[in-house]
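Q: One structure, as structure tokens, below. Some questions next.
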Amino acid sequence: MRSGAWTVRALSPVLLPRWFCDSGARPAHLSLQRSVRFVSTESPSTALPTHARLVICGGGIVGTSVAYHLAKLGWTEIVLLEQGRLGAGTTRFCAGIVSVAKPLSIESKMANYSNSLYERLEEETGIKTGFVRTGSLCLAQNQDRLLSLKRLGSRLKILGVSCNIIKPKDVAGLHPLVNIHDLVGALHLPGDSVVSPPDVNHALAVSAAGYGVQIYEHTSVNHIVVRKGHVTAVETDRGSIECEYFVNCAGQWAYELGQSSEVKVSVPLHGCEHFYLLTKPLSEPLHPESPVVIDMDGRIYARAWQGGILSGGFEKNPKPIFTEGRNQLEIQNMQEDWDHFEPMLSALLRRMPSLEACEIQQLVNCPESFTPDMRCLMGETPGIYGYFVLAGMNSSGLSFAGGAGKYLAEWITYGYPSASVWPLDIKRFGNLQSSRTFLRHRVMEVMPLLYELKVPRWDFQTGRQLRTSPLHDRLDTQGARWMEKHGFERAKYFVPPGKDLLALDQSKTFYKPDWFDIVGAEVKCCKEAVCVIDMSSFTKFELTSAGDQALLLLQRLCANDLDVPVGHIVHTGMLNERGGYENDCSVVRLSKNSFFIISPTDQQVRCWSWIKKHMPNDPQLHLEDVSWKYTALNLIGPRAMDVLSELSYVSMSPEHFPSLFCKEMSVGYANGIRVMSMTHTGEPGFMLYIPIEVSYIGFDVGFDLILTCAYHHCNHIPDMTQKRISCP
Ligand SMILES: Cc1cc2nc3c(=O)[nH]c(=O)nc-3n(C[C@H](O)[C@H](O)[C@H](O)COP(=O)(O)OP(=O)(O)OC[C@H]3O[C@@H](n4cnc5c(N)ncnc54)[C@H](O)[C@@H]3O)c2cc1C
């Protein structure tokens, strides 16, 4: 490959929207555009409106999609603010691939919708969007990859997406440049497409403006004004706009914008540099309809571009950027880094050897934002009503923008979207996952993971131990292997003495892993004897009131009857107006007017904000997050009753301690432990909620006793006295 004009850093005009190339003047030949009310602040006299119903920050593909869909749902008084020119953020540098092959079904669904939206946008607006239905080929270099593609294919077929597993020789038939010698198969998605992202961005903006959305360029949002927990205004560098709703679509600037609010909003994302190569047209130009090639084992993708190739990838050693949050307008001037791109270039040449002879035009570098779990951030932020976010696209912003914009618009309009976007809800995170160091380290792992094979039970390795149980170190010395949930370390199994620890860490397979028998033995112990599971990660709230306000609130929120005698436990769902689950919990009536609510670990932020949202503004009603105040132990198995009786000198038989009952008692040396005759696992047993300040001492003694007792009670498997099974 010869390098030609690649030292020129500015992106080729061909990728830029047409309006960038004609001195800011927009084409006038389209009827829809005549009604557009773009306001460019190059004329400084143009005043901003003082009032709007909803303000969107960010004129990239995401912000314009939200504006477009809200406008289509009949919203009026929408203002979209963009600090530079529309589409001049990350969208401008996007490679233009719309791929439906995504890890989550909801993501595939969003991409599928985007694909059809972008196809019809040209007809709807008269603006050329560069839409070409190329199809795509996801290549497999090994059987595990092929298996994962087969799984993906089955999932996509359920969504109605056409796709087929094909043989290497079929790949060669579909793409003239692909070297198939090391392939074992591929997934062919004939419906995938490529577009010109800035043109799609422009078409969405033009259409939204045609419906009355007011768009202001060169206008920076400084911060959001919040009164009594509600958005009331947006402060910009050109004045303030009163509004009821605000949508943060600021792309990689979304984190900083969240931090600059009067009430800080956590938008956990972080930028990494992202590269792709453009070649000059090949001697035999590549047909524009050639399928996009996605070679995840080689960490690269490639599409036809101007008769040549556009190829980028997700390297093993990404370069995080802008951790210190300085003005990121610098994205226009990012440096090429050929040394860094070299592994991807080599992978490209292995996949398409004939490119050796072609001439390179340019290496594009633009940062993209990544999130701690590789999923985008969507929805209303916890604690501020009317503040919505759609950001953190993990390099799939073009593919997601159409669908995500539609679902967010529905969410804002109706209170919920028409599809379940639960895994994308920003409320899966809290402040916990928003430290700059955590984000910097985590995204360095996330970016390569996008193309890595994800076998069952894989875990993130970075940003660990954000939260730990007081028993963490003790369990660690017992051979615990850890997984993480909502920042909390949870033991997933215990390595028996004498096992090869290294081999266990490397047991990454779709088939029977080498921890399988270990977990099997632990399950057997739970079934036949007694085990202890540390469930301290669970979310725990206390709801108290002076009168019956706490009961009335729970009666309204929960599906089950909470007006039960003191000491009783109720398993219940918190349902929304449509009968859907908002939270799955166990509620203990501690006294007439106080309740202990136990929820899944990763529901901490979501459940809190759901209760708060429905709580009357009554100073006598109080909700407290007491998750950190209790160590939670699950004593499980048919001998749990015997062990607890031995430790407490109290009979734990059903006659003395009926099922779904709670009382405070002493266990071992520790006093004041909330003992509950229920488990979260389906087996007979007890939950012990131990105040944190006694748990270490209590546990030190009590746990040893439990272990000793358990040992005696299940000495046919003496090394298996404890386990954790997966919890919600
Ligand atoms: C090299 C590269 C290749 C990619 N290729 C693909 C691909 O092929 N397919 C795909 O699906 N995705 C791809 N992506 C990802 C995709 O481009 C992005 O996810 C998407 O463009 C993000 O859109 P956005 O609207 O969220 O962000 P942006 O386009 O960055 O828009 C955010 C806007 O907000 C504005 N803004 C920020 N702060 C403020 C403020 N305070 N006041 C006013 N305005 C503000 C910014 O100026 C910016 O214009 C690629 C990304 C990169 C970097």
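The values are calculated or read from the model by the stated rules, or taken from the named source; none is laboratory data. Treat the numbers as computed from the prediction; the structure is a model and nothing was measured. Please note: Cβ atoms are built from the backbone with ideal geometry, for glycine as well, and neighbour counts cover all protein chains shown.
Q: Looking only at the range 461-500, which residues are over 17 Å from Gly430 (Cα atoms), of a type in the set (Lys, Arg) and at pLDDT 90 or above?
A: Answer for the range 461-500, where residues must be over 17 Å from Gly430 (Cα atoms), of a type in the set (Lys, Arg) and at pLDDT 90 or above: just Arg490.
Q: Which number in (1) among the hydroxyl-bearing types (Ser, Thr, Tyr); (2) over 26 Å from the mean Cα position of the chain (by Cα); (3) more than 10 Å from the ligand (Cβ to nearest atom) marks the one condition that Tyr216 misses?
A: Among (1) among the hydroxyl-bearing types (Ser, Thr, Tyr); (2) over 26 Å from the mean Cα position of the chain (by Cα); (3) more than 10 Å from the ligand (Cβ to nearest atom), Tyr216 violates only (3).
Q: Oh, and also: Kindly provide the set of residues from the range 369-387 that are under 15 Å from the mean Cα position of the chain (by Cα) and in a strand (DSSP E or B), ordered by number.
A: Listed by number, the residues that qualify are Ser369, Phe370, Leu377, Met378, Gly379, Glu380.
Q: I'd like to verify a number: residues in the range 61-81 that are within 12 Å of the ligand (Cβ to nearest atom) and closer than 21 Å to Arg120 by Cβ, how many?
A: If we filter the range 61-81 for residues that are within 12 Å of the ligand (Cβ to nearest atom), which is where we start, we get 61-67, 79-81.
Filter once more, so that each one left must be closer than 21 Å to Arg120 by Cβ: 61-67.
Looking only at that region, the number is 7.
Q: Which of the residues belonging to the range 388-429 are out of contact with any helix residue (DSSP H, G or I) (no Cβ under 9 Å at 6 or more places or on another chain) and not hydrophobic (A, V, I, L, M, F, W, C)?
A: Those that are out of contact with any helix residue (DSSP H, G or I) (no Cβ under 9 Å at 6 or more places or on another chain) and not hydrophobic (A, V, I, L, M, F, W, C): Tyr414, Gly415.
Q: Let me ask something else. Would you please list the contacts, defined by Cβ atoms under 9 Å and residues six or more apart or on different chains, that run from a residue in the range 388-402 that is in contact (Cβ under 8 Å) with a residue 40 or more places away in the chain to a residue that is within 6 Å of the ligand (Cβ to nearest atom) and of a type in the set (Asp, Glu)?
A: Every condition considered, the pairs that remain are Met393/Glu368; Asn394/Glu368; Ser395/Glu368; Gly397/Glu368.
Q: Would you confirm, using the coordinates I've provided, whether Ser418 is away from the ligand (no atom under 15 Å from the Cβ), among the small types (Gly, Ala, Ser) and more than 26 Å from Val605 (Cα to Cα)?
A: So Ser418 does not fit the description; no.
Q: Give the residues of the range 248-263 that are charged (D, E, K, R) and under 20 Å from the mean Cα position of the chain (by Cα), sorted by residue number.
A: Of everything in the range 248-263, just one residue is charged (D, E, K, R) and under 20 Å from the mean Cα position of the chain (by Cα), namely Glu256.
Rundown of residues vs (1) assigned to a loop (DSSP other than H, G, I, E, B); (2) within 15 Å of the ligand (Cβ to nearest atom), yes/no style:
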residue: Arg92; (1), (2): no, yes
residue: Lys102; (1), (2): yes, yes
residue: Ala111; (1), (2): no, yes
residue: Ser114; (1), (2): no, yes
residue: Arg120; (1), (2): no, no
residue: Glu124; (1), (2): no, no
residue: Gly130; (1), (2): yes, yes
residue: Thr134; (1), (2): yes, yes
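Q: With acidic (Asp, Glu) and either farther than 15 Å from Tyr276 by Cβ or within 12 Å of the ligand (Cβ to nearest atom) (or both) as the only criterion, which of Glu359, Glu342, Glu315 stands out?
A: Of the residues listed, the single one that is acidic (Asp, Glu) and either farther than 15 Å from Tyr276 by Cβ or within 12 Å of the ligand (Cβ to nearest atom) (or both) is Glu359.
Q: Can you tell me which condition Tyr407 does not meet? The list is (1) aromatic (Phe, Trp, Tyr); (2) within 16 Å of the ligand (Cβ to nearest atom); (3) more than 29 Å from Glu244 (Cα to Cα), and all the others hold.
A: All conditions pass for Tyr407, except number (3).
Q: Of everything in the range 219-231, what is in a strand (DSSP E or B), within 11 Å of the ligand (Cβ to nearest atom) and either buried (at least 20 other Cβ atoms within 10 Å of the Cβ) or within 25 Å of the chain's Cα centre (by Cα) (or both)? Give them in sequence order.
A: Val221, His223, Ile224
Q: So, in the range 611-657, of the ones that are more than 26 Å from Leu557 (Cβ to Cβ) and of a type in the set (Asp, Glu), which residue ends up modelled with the highest pLDDT?
A: Glu655
Q: Same structure again: When you scan the range 160-167, do you find a residue that is in a helix (DSSP H, G or I) and at pLDDT 95 or above, even just one?
A: Taking the range 160-167 first, the residues in a helix (DSSP H, G or I) are none.
No: zero hits.
Q: Shifting gears a bit: Consider Ala419 carefully, then state whether it is in a helix (DSSP H, G or I) and modelled with pLDDT of 95 or more.
A: Spelling it out, it is not the case that Ala419 is in a helix (DSSP H, G or I) and modelled with pLDDT of 95 or more.
Q: Take Gly498 and tell me if it is farther than 24 Å from Asn634 by Cα, exposed (fewer than 14 other Cβ atoms within 10 Å of the Cβ) and free of Cβ contacts under 8 Å to residues at least 60 places away in the same chain. So that I can check it myself, show each step before the final result.
A: Details: farther than 24 Å from Asn634 by Cα: yes; exposed (fewer than 14 other Cβ atoms within 10 Å of the Cβ): yes; free of Cβ contacts under 8 Å to residues at least 60 places away in the same chain: yes.
Answer is yes for this residue.
Q: Assess whether Val234 counts as being touching a strand residue (DSSP E or B) at 6+ places or on another chain (Cβ under 6 Å), closer than 16 Å to Thr50 by Cβ, part of a strand (DSSP E or B) and within 11 Å of the ligand (Cβ to nearest atom). Don't jump to the end; show me each part of the working.
A: Values: touching a strand residue (DSSP E or B) at 6+ places or on another chain (Cβ under 6 Å): yes; closer than 16 Å to Thr50 by Cβ: yes; part of a strand (DSSP E or B): yes; within 11 Å of the ligand (Cβ to nearest atom): yes.
In short, yes.
Q: How many of the residues making up the range 658-680 are at pLDDT below 90 and buried (at least 19 other Cβ atoms within 10 Å of the Cβ)?
A: Selection size over the range 658-680: 5.
Q: Then there's this: Suppose we filter the range 452-490 for residues that are closer than 16 Å to Arg442 by Cβ and among the acidic types (Asp, Glu); how many remain?
A: 4
Q: Within the range 188-203, is there a residue that is within 29 Å of the chain's Cα centre (by Cα), more than 16 Å from the ligand (Cβ to nearest atom) and either surrounded by 17 or more Cβ atoms within 10 Å (Cβ to Cβ) or in a loop (DSSP other than H, G, I, E, B) (or both)?
A: Yes, the range 188-203 has at least one match.
Yes or no, residue by residue, for (1) touching a residue at least 24 places away in the same chain (Cβ under 8 Å); (2) closer than 24 Å to Val66 by Cβ:
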site	(1), (2)
Leu147	yes, no
Pro176	yes, no
His218	yes, yes
Asn222	yes, yes
Asp237	no, yes
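Q: If Gln335 passes every condition in (1) crowded, with 24+ Cβ neighbours inside 10 Å; (2) part of a loop (DSSP other than H, G, I, E, B) but one, which one does it miss?
A: (1)
Q: Search the range 608-621 for residues that are farther than 18 Å from Tyr581 by Cα and pair each with any residue that is assigned to a strand (DSSP E or B) when their beta-carbon atoms are under 6 Å apart and the residues are at least 6 apart or on different chains.
A: Gln620/Ser545; Leu621/Ser545
Q: Let me ask another. Quick check, is Leu398 in a helix (DSSP H, G or I), within 15 Å of the ligand (Cβ to nearest atom), at pLDDT 95 or above and under 30 Å from Tyr113 (Cα atoms)?
A: Taking the combined requirement at face value, the residue satisfies it.
Q: Looking only at strands (runs of 3 or more DSSP E) that fall completely inside the range 480-567, which ones have 2 or more residues that are touching a strand residue (DSSP E or B) at 6+ places or on another chain (Cβ under 7 Å) and under 25 Å from Phe657 (Cα atoms)?
A: Of the strands (runs of 3 or more DSSP E) lying wholly inside the range 480-567, those with at least 2 residues that are touching a strand residue (DSSP E or B) at 6+ places or on another chain (Cβ under 7 Å) and under 25 Å from Phe657 (Cα atoms) span 531-534, 539-545.
A quick yes/no check of all residues on (1) surrounded by fewer than 20 Cβ atoms within 10 Å (Cβ to Cβ); (2) touching a helix residue (DSSP H, G or I) at 6+ places or on another chain (Cβ under 9 Å); (3) not basic (Lys, Arg):
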{"position": "Ala205", "(1), (2), (3)": "no, yes, yes"}
{"position": "Ala209", "(1), (2), (3)": "no, yes, yes"}
{"position": "Asn248", "(1), (2), (3)": "no, yes, yes"}
{"position": "Leu257", "(1), (2), (3)": "no, no, yes"}
{"position": "Ser260", "(1), (2), (3)": "yes, no, yes"}
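Q: Only one of Thr134, Thr129, Thr125 is out of contact with any helix residue (DSSP H, G or I) (no Cβ under 9 Å at 6 or more places or on another chain) and either over 17 Å from Glu289 (Cβ atoms) or not assigned by TED's automatic domain parsing to the domain that holds Ala203 (or both); which?
A: Criteria check complete, one pass: Thr134.
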